[in-house]
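K.L.:
Sharing a structure below in structure tokens format, with a few things to ask.
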Amino acid sequence: VQLQASGGGLVQAGGSLRLSCAASVRTFSLYAWGWFRQAPGKEREFLADISQSGDVTYLEDSVKGRFTISGDNAKNTVYLQMNSLKPEDTAVYYCAGRNLFTKPYIPSQYAYWGQGTLVTVSS
């Protein structure tokens, strides 16, 4: 499984970005997908997860109401829509994939990781 994240960039506070993560897999729906971020000097932080079926999502409390995770089985792509961005959202954002019967939230449960895309939010 290879993951390619894209869509990062520089945005003003209050703006929006949509991150994409293209997965090179035969059957996209066999995996659950997540987004994490890591700011300089901080640990990697869980943001969002979407189940294999796509009907169960998890969001970390600090991004609820602002971020949305979704998936497109036809395009083998998972998205992270980010609205109302804040300077504290500045980080490298990573997409990740986990196999069946694993748990969301925990980085070690995700076997597959993309290379990261930088999001910078200016004040």
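The values are calculated or read from the model by the stated rules, or taken from the named source; none is laboratory data. Because the structure is predicted, anything quoted here is derived from the model rather than measured. Positions of Cβ are backbone-derived with ideal geometry, glycine not excepted, and every protein chain shown enters the neighbour counts. These accessible areas exclude ligands, DNA and RNA; they are computed on the full protein's heavy atoms, side chains included. Shrake-Rupley method; radii C 1.70, N 1.55, O 1.52, S 1.80 Å.
K.L.:
Can you confirm whether the stretch 81-88 contains a residue that is of a type in the set (D, E, K, R) and open to solvent by less than 30 Å² (accessible area, probe 1.4 Å)?
P.N.:
No: zero hits.
K.L.:
Kindly establish whether residue 100 is among the aliphatic types (A, V, I, L, M), within 17 Å of residue 25 (Cβ to Cβ) and either part of a loop (DSSP other than H, G, I, E, B) or open to solvent by 50 Å² or more (accessible area, probe 1.4 Å) (or both). Talk me through it step by step, then tell me what you get.
P.N.:
Numbers: among the aliphatic types (A, V, I, L, M): yes; within 17 Å of residue 25 (Cβ to Cβ): yes; either part of a loop (DSSP other than H, G, I, E, B) or open to solvent by 50 Å² or more (accessible area, probe 1.4 Å) (or both): yes.
So residue 100 fits the description; yes.
K.L.:
If we scan the stretch 80-102, do we find a residue that is in contact with a helix residue (DSSP H, G or I) (Cβ under 6 Å, 6 or more places away or on another chain), of a type in the set (S, T, N, Q) and either at pLDDT below 95 or closer than 18 Å to residue 17 by Cα (or both)?
P.N.:
Scanning the stretch 80-102, I find at least one residue that is in contact with a helix residue (DSSP H, G or I) (Cβ under 6 Å, 6 or more places away or on another chain), of a type in the set (S, T, N, Q) and either at pLDDT below 95 or closer than 18 Å to residue 17 by Cα (or both), so the answer is yes.
K.L.:
Kindly indicate the residue of the stretch 111-123 that is farther than 12 Å from residue 21 by Cβ and out of contact with any Pro (no Cβ under 6 Å at 6 or more places or on another chain) and also least open to solvent (accessible area, probe 1.4 Å) among those meeting that condition.
P.N.:
119
K.L.:
Also, quick follow-up: Would you please list the contacts, defined by Cβ atoms under 7 Å and residues six or more apart or on different chains, that run from a residue in the stretch 61-76 that is touching a residue at least 12 places away in the same chain (Cβ under 8 Å) and open to solvent by less than 50 Å² (accessible area, probe 1.4 Å) to a residue that is small (Gly, Ala, Ser) and assigned to a loop (DSSP other than H, G, I, E, B)?
P.N.:
From residues that are touching a residue at least 12 places away in the same chain (Cβ under 8 Å) and open to solvent by less than 50 Å² (accessible area, probe 1.4 Å), the pairs are 66/84; 71/54.
K.L.:
Write out, first by first residue and then by second, each pair whose Cβ atoms fall under 6 Å of each other, whose residues are 6+ apart or on separate chains, and whose first residue, in the stretch 108-123, is free of Cβ contacts under 8 Å to residues at least 12 places away in the same chain while the second is among the basic types (Lys, Arg) and buried (at least 17 other Cβ atoms within 10 Å of the Cβ).
P.N.:
Short answer, once both residue conditions are applied: 109/98.
K.L.:
Output the residues belonging to the stretch 33-52 that are out of contact with any Leu (no Cβ under 8 Å at 6 or more places or on another chain), within 17 Å of residue 80 (Cα to Cα) and modelled with pLDDT under 95.
P.N.:
Answer for the stretch 33-52, where residues must be out of contact with any Leu (no Cβ under 8 Å at 6 or more places or on another chain), within 17 Å of residue 80 (Cα to Cα) and modelled with pLDDT under 95: just 51.
K.L.:
Which residues, counting only those in the stretch 77-88, are hydrophobic (A, V, I, L, M, F, W, C) and either in a loop (DSSP other than H, G, I, E, B) or in contact (Cβ under 8 Å) with a residue 60 or more places away in the chain (or both)? Give the steps one after another, and end with the answer.
P.N.:
Going residue by residue through the stretch 77-88, those that are hydrophobic (A, V, I, L, M, F, W, C) are 78, 80, 82, 85.
The answer is 80, 82, 85.
K.L.:
Collect the residues in the stretch 25-74 that are of a type in the set (Val, Ile, Thr) and either part of a loop (DSSP other than H, G, I, E, B) or touching an Asp or Glu at 6+ places or on another chain (Cβ under 9 Å) (or both), keeping them in residue-number order.
P.N.:
25, 27, 56, 57, 63, 69
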